Amino acid sequence: MPENKMDWVKEHEAKKQEEQGKDYFNIIEGANKFVLLTHLPPLAQVFDPTTKKYRPAVEGDTNVSIKGVGWVLQDDVIKLAKLPYTVVKAIAALSEDPDWDFKFPFAHAITVNAKNAGSKEVEYTVQPSPKQTEISETILEELKKKPTPEEMIEKIKGKVSPQNETKTDYYPDIELNPEDIPFN
């Protein structure tokens, strides 16, 4: 059988996916352990079947999914997380329990167990560790340089929101018509 000279494409895509994913927290099948560094404000999203990705919801959308957006620490790396509503709801219940000294960053690791991850039938269980986790000064200093969760939500909305597709970053109130731009 002749050698496949196109294997580099798969290798390149895998490497690109790995690089993109290292700054983002993704829930995978099984145990997903992290330390919650910030609060989790809501981001309303809708799945777009044409792109097979989520986009920010706009007025009139149906089948809206709510995610909690914030910063987590996983494997000594600060990552942006978009946590499912059921996970956020469990964390919110934990925050109201007087037995936990719940403040941000939350000094206990949280394990989210996912069964059937990546499907509509996914089930989550949330378990905090009774053992406290030490968060280094280096991590806390790095966290201070990150945008707030609300700023990240605005960035996400501005990046892909249909309302912003024809507006410029410099003059957000001016709508552009591509036909009006001269190309020489």
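Brief remarks follow.
- Test result for Lys82, within 17 Å of the chain's Cα centre (by Cα), more than 21 Å from Lys144 (Cβ to Cβ) and either surrounded by 14 or more Cβ atoms within 10 Å (Cβ to Cβ) or modelled with pLDDT of 95 or more (or both): yes
- Test for Tyr85: is it aromatic (Phe, Trp, Tyr) and within 13 Å of Ile28 (Cα to Cα): no
- Residues (closer than 16 Å to Gln74 by Cβ and of a type in the set (Val, Ile, Thr)) located in segment 89-138: Ile91, Ile110, Thr111, Val112, Val126, Thr133, Ile135, Thr138
- Segment 32-86: number of residues that are without any contact (Cβ under 8 Å) to a residue 40 or more places away in the chain, of a type in the set (A, V, I, L, M, F, W, C), under 22 Å from Glu123 (Cβ atoms) and assigned to a loop (DSSP other than H, G, I, E, B): 1
- Some residue of segment 40-55 being touching a helix residue (DSSP H, G or I) at 6+ places or on another chain (Cβ under 9 Å), crowded, with 17+ Cβ neighbours inside 10 Å and within 24 Å of Leu143 (Cα to Cα): yes
- Residue match in segment 57-69 (condition: over 16 Å from Lys157 (Cβ atoms), at pLDDT 95 or above, within 13 Å of the chain's Cα centre (by Cα) and among the aliphatic types (A, V, I, L, M)): no
- The numbered conditions (1) in a helix (DSSP H, G or I); (2) touching a Leu at 6+ places or on another chain (Cβ under 8 Å); (3) over 18 Å from Phe34 (Cβ atoms) are all true for Ile91 except (3).
- Failed criterion for Pro147 (all others in (1) assigned to a loop (DSSP other than H, G, I, E, B); (2) of a type outside the set (D, E, K, R); (3) modelled with pLDDT of 50 or more; (4) out of contact with any helix residue (DSSP H, G or I) (no Cβ under 8 Å at 6 or more places or on another chain) hold): (4)
The values are calculated or read from the model by the stated rules, or taken from the named source; none is laboratory data. Just so you know, these numbers come straight off a predicted model, no measurement behind them. Counting neighbours? That spans all protein chains shown, and the Cβs are built from the backbone with ideal geometry, glycine included.
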